[in-house]
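Single-structure report; data block below.
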2 protein chains.
Amino acid sequence: MDVGTVVAGVVAREPRAIARAISLVEDGDDGLPELSAGVFPHTGAAATIGLTGAPGVGKSTIATALVRIARADGRRVAVLAIDPTSPYTGGALLGDRVRMQEHATDPDVFIRSMATRGHLGGMSLAAPEAVRILDAAGFGLVIVETVGVGQAEIDVAAATDTTIVVLAPGLGDAIQMAKAGILEVADLFVVNKADRDGAGDVVRELRQMLHLGAARPWDPPVLATTAADGNGLDELWHEIDRHRAWLGSTGTLATDRETAVIHEVRALAAERLAGSVQAQLAADDALRARLRDRELDPYAAAEELIRRIGRA
Amino acid sequence: MDVGTVVAGVVAREPRAIARAISLVEDGDDGLPELSAGVFPHTGAAATIGLTGAPGVGKSTIATALVRIARADGRRVAVLAIDPTSPYTGGALLGDRVRMQEHATDPDVFIRSMATRGHLGGMSLAAPEAVRILDAAGFGLVIVETVGVGQAEIDVAAATDTTIVVLAPGLGDAIQMAKAGILEVADLFVVNKADRDGAGDVVRELRQMLHLGAARPWDPPVLATTAADGNGLDELWHEIDRHRAWLGSTGTLATDRETAVIHEVRALAAERLAGSVQAQLAADDALRARLRDRELDPYAAAEELIRRIGRA
């Protein structure tokens, strides 16, 4: 399938073409600029949701529940689980897909784990491109789930329209969340496994920490859910809708999206330029020897390589 | 204090100068290239250890214990806790320092939380520079502790000579670790809180997963510790020594360090170039309008900006 055929298939909502397009992103294929240019005019309609939180808090269960509610509402929905590749698992994690089996035969649901190590820019560049493919393929709702609670994962979740941070009692308290810089990117907090001991404490602690910061135009609600039993999910859906309405009515949606695309262009350009720098480093034995012998420090080496690119 | 004075003070092992130098890294100060050039010739002697793992597994307790053992061994030791800034905490987390209070008055111990949002390249560029400062200041052992288990945090820990991944029963199982891509960067695994239920299962599960992968020249040991009671720490210290001896005898230390510095130069150059790209984007209203109106996709915009830098 050439890239032009993939683009046409995506826009025509063909599952095989959509899967192929995401694989091109995953692999960092040479055809990405063409793919990107092809789908871009067809994007902008999807509402995007980011789900992040520590391993084990129940993000996939919540994603599955949101898919169910969205389908009952007649919406087409896609879930993209960002999954750092590991040679131990081959990069394809069955877990998320198995849990989502109830939606496996629904043509209006698309679920995909995406490994990102093939893409030079990592998940922060692969994720928005994959989201645009799903957007162009007519999924009105795109849920991006990230694994882990590091900076890159938080950045990916924060680049969506509505960012949901999931916690659970006993799995990293609110102070740990603050350490991870997660409090300020959340539009909604979910304390899942609310039937467990300590859930009320997590909710209270979180609300207190939120009120320590400066007042913000949107005050992120803190919800308690037991996703495995379906408790609290309708309220979560309602709050997602309320946040989306707020984004639209205040003009925040447009400014947030412009900020995100500028950030992405900056990172894409940097990644391409870094490729040239790396090629020069690989070819220049003398420069590497000077680094190794501590005659030239990393900043000075970077400066020298930048000058060469300017001259090229 | 000008940068030249800071460099002289670092090399003379003055605590105030060392603290100032790390603050310059933290803030992404304009003097960084000069600081980097000044300290670089004095580096290379320190052994570096990375400690990573989910929040709450006991990384700080293990770091404190390693400091105690290193001091009993007569070594000067520094701990750098990488701490993503949050407006809610002001970026300075008392927690790590309080737990390390027993070493507060020892001039041969340096403990510091480092926030990294001021540094444009984030923790992956700030951490190695801070480690070189501590190395140049004569700390024979430098321990880098990262918060969170995301890709960036794993990369920072993996850039040290010996990477220790800490787990605890009930806080993210081995499958979750595999998802986070953490298995392949570890030189040593520590299952802490080994007195809790399920610790033996975590050890077994981890060993099984490790043996699923291809055989590697270094087979990472899996240790059980109860750091709060001091159990298992001498064995951990012994294994760290054994790994270090292996790194030296096989030549792996030299090749790992060359790979790390090349990676860093690449990232530094990319970061500097991204700054030029961003400035051009900010100044070019027409280009931003074409992005917003979906006439120009992110890849094409990046390509156009790269061409301009080549012409500059």
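See the values below:
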{"read-out": "Nearest-10 value in Å² for the accessible area of A:Arg71, using the 1.4 Å probe", "value": "60 Å²"}
{"read-out": "Convex hull volume per residue for the stretch B:218-312, taking Cα atoms only, in Å³", "value": "205 Å³"}
{"read-out": "Integer Hz, Karplus 6.51/-1.76/1.60 couplings in order for the stretch A:264-272, x for Gly and Pro", "value": "5, 4, 4, 5, 4, 4, 4, 5, 5"}
{"read-out": "Total accessible area lost when A and B pair, probe 1.4 Å, Å² to nearest 100", "value": "6800 Å²"}
{"read-out": "The protein assembly as shown - Rg over Rh from alpha carbon coordinates, Kirkwood radius", "value": "0.95"}
{"read-out": "Note, ³J(HN,Hα) from phi for the stretch A:184-196, Karplus 6.51, -1.76, 1.60, rounded to Hz, x at Gly and Pro", "value": "7, 9, 7, 9, 9, 10, 10, 9, 8, 6, 5, 7, 8"}
{"read-out": "Rounded to whole Hz, the Karplus (6.51, -1.76, 1.60) HN-Hα couplings of the stretch B:228-245, x for glycine and proline", "value": "4, 9, x, 6, x, 6, 5, 5, 4, 4, 4, 5, 4, 4, 5, 5, 4, 4"}
{"read-out": "Under 5 Å, built H, 5+ apart or other chain: amide partners of A:Ile111", "value": "A:Val79"}
{"read-out": "B:Asp30 - accessible surface, heavy atoms, 1.4 Å probe, Å² rounded to 10", "value": "150 Å²"}
{"read-out": "Label-point separation, A:Leu212 to A:Glu235 (7 Å along Cα→Cβ), nm", "value": "2.5 nm"}
{"read-out": "Amide H within-cut-off set for A:Val191, under 5 Å, with H built and near neighbours excluded", "value": "A:Leu167, A:Leu223, A:Ala224, A:Thr225"}
{"read-out": "Sites B:Arg290 and A:Thr252, calculated FRET efficiency, Cβ-Cβ separation with R0 30 Å, nearest 0.05", "value": "0.85"}
{"read-out": "For the stretch A:28-78, alpha-carbon Rg and Dmax in angstrom", "value": "15.3, 39"}
{"read-out": "Within the stretch A:26-41, backbone nitrogen closer than 20 Å to the virtual label 7 Å beyond the Cα of B:Glu304 toward Cβ", "value": "A:32-41"}
{"read-out": "Helix-only mean residue ellipticity at 222 nm for the protein assembly as shown, each DSSP H run of n ≥ 4 adding -39500 (n - 2.57), per residue, nearest 500", "value": "-16500 deg cm²/dmol"}
{"read-out": "Amide H within-cut-off set for B:Gly140, under 5 Å, with H built and near neighbours excluded", "value": "B:Arg76"}
{"read-out": "Chain A, relative contact order in percent, only Cα pairs under 8 angstrom and at least six apart counted", "value": "19 percent"}
{"read-out": "Heavy atoms of B:Arg68 accessible to a 1.4 Å probe, total area in Å² rounded to 10", "value": "120 Å²"}
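The values are calculated or read from the model by the stated rules, or taken from the named source; none is laboratory data. None of these values were measured; they are calculated from a predicted model. Don't worry about glycine lacking a Cβ; one is built from the backbone with ideal geometry, like all the others, and counts go over all protein chains shown. Quick note on the areas: whole protein, heavy atoms, side chains included, nothing else; ligands and nucleic acids left out. Shrake-Rupley method; radii C 1.70, N 1.55, O 1.52, S 1.80 Å.
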